[in-house]
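Take a look at the structure set out below.
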Amino acid sequence: MTPAAPRPTRAHRVAAAPFVVVTGLSGAGKSHAIRALEDLGYFCVDNLPIALIPTFADLALTGRERRRAAVVVDVREGPALAEFPETYRRLKRRLRGKMRLVFLEAADGAILRRFSETRRPHPLAGRGGSVAGGLKEERRLLRPIRRLADTILDTTTLNVHELRRQMLEAAGGSDRRGPLAVTLMSFGYRHGVPPEADLVFDVRFLPNPHFVPSLRRWTGRSAKVASYVLKSAAATKFLSLTEALLRFLLPQYIAEGKSYLTIAIGCTGGRHRSVAIAAALGRRLAEVTGTKVRVRHRDVAES
């Protein structure tokens, strides 16, 4: 049975912390938690030796380029794990409380199921040992650290997105999350669809400047090519409908905690129509709250 937490703090009440220690049970979601902090702008180190944590905190918080930092501590540390409580107390006093300890846990059944699904060994199971036995020992070893936790997150019923959201709140990042980085990428289908694309729009139905001798040598960056593409009724309608769709989607992605989104706009060669549309759509989306928009033309240099 899991021992009761002394006074676990609800995640949404936790103040922002420039230094965060993530710890907890194997299989409770620490890797997802640390990725959430990376997306929030934290410099993260996994499994740093406990003796080096104070040095790491000093370098991150008082160095030339000060930045928020986080570190993962767990039973992989071995016997040195027993030194963590005192190291943490001293460091928290030195940082005047500007650090946070977040402990992740889950019910035994949930953790056993996760290990079964991933087929990974428990770090304390030993050769031929059971996950259940390793988990029992892990709970015992982590009990002194759990008592120090500012926030205890039970991930038993959380999906990846819910865990991410609660972890951001635990770090005080729910209202300081970086903007959604939106990349509008023009490309040519003859060179392949960008593998990093989240959304793909095909604009090969638009009038093609390639067949206009005076425009062929120019790209969609040219004002005369852009004007030729954008003045068509089909382009006007496409931009209007696509802008409306994306103005709906972007806040949903932001609320979900997505950090970046790549929207690919394709035409045949990636030099005319897709370039003009991507640039026009970028201008329209630049004002959407919570987004940072950039436009990239992948195949403009292609012949």
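The values are calculated or read from the model by the stated rules, or taken from the named source; none is laboratory data. Computed from a prediction, not measured in an experiment: that's the story for all the values here. Backbone-built Cβ (ideal geometry, glycine too); neighbour counts: all protein chains shown. The accessibility values were calculated without ligands, DNA or RNA, using every heavy atom of the protein model including side chains. Shrake-Rupley method; radii C 1.70, N 1.55, O 1.52, S 1.80 Å.
Side notes on the structure shown:
- Count of region 241-262 residues which are more than 19 Å from residue 230 (Cα to Cα) and out of contact with any Lys or Arg (no Cβ under 7 Å at 6 or more places or on another chain): 15
- Subset of region 24-67 that is out of contact with any strand residue (DSSP E or B) (no Cβ under 7 Å at 6 or more places or on another chain) and among the basic types (Lys, Arg) - its residue that is least open to solvent (accessible area, probe 1.4 Å): 35
- Residue that is over 21 Å from the mean Cα position of the chain (by Cα), open to solvent by 50 Å² or more (accessible area, probe 1.4 Å) and at positive phi, where the choices are 113, 96: 96
- Among residues of region 237-256 that are farther than 10 Å from residue 285 by Cβ, those with a Cβ under 9 angstrom from a residue that is open to solvent by 60 Å² or more (accessible area, probe 1.4 Å) and basic (Lys, Arg), sequence gap 6+ or separate chain, pair up as 239/284; 252/258; 254/177; 255/165; 256/165.
- Residue within region 164-174 that is in contact with a strand residue (DSSP E or B) (Cβ under 8 Å, 6 or more places away or on another chain) and part of a strand (DSSP E or B) present: no
- Region 17-40 - residue that is in a loop (DSSP other than H, G, I, E, B) and within 16 Å of residue 100 (Cα to Cα) and, of those, modelled with the highest pLDDT: 18
- Comparison of 102, 73, 45, 14 shows that the only residue that is at pLDDT 85 or above, farther than 14 Å from residue 142 by Cα, aliphatic (A, V, I, L, M) and within 25 Å of the chain's Cα centre (by Cα) is 45.
- Residue list for region 153-167, restricted to those being in contact with an Asp or Glu (Cβ under 9 Å, 6 or more places away or on another chain) and hydroxyl-bearing (Ser, Thr, Tyr): 155, 156
- Leading residue by the ranking (farthest from the chain's Cα centre (by Cα)) among those in region 203-214 that are surrounded by fewer than 18 Cβ atoms within 10 Å (Cβ to Cβ) and either acidic (Asp, Glu) or part of a helix (DSSP H, G or I) (or both): 211
- For first residues located in region 144-160 and over 22 Å from residue 113 (Cβ atoms) and surrounded by 13 or more Cβ atoms within 10 Å (Cβ to Cβ), partners that are modelled with pLDDT under 90 and among the polar types (S, T, N, Q) and lie 6+ apart or on another chain with Cβ distances below 8 Å form the pairs 150/9; 151/9.
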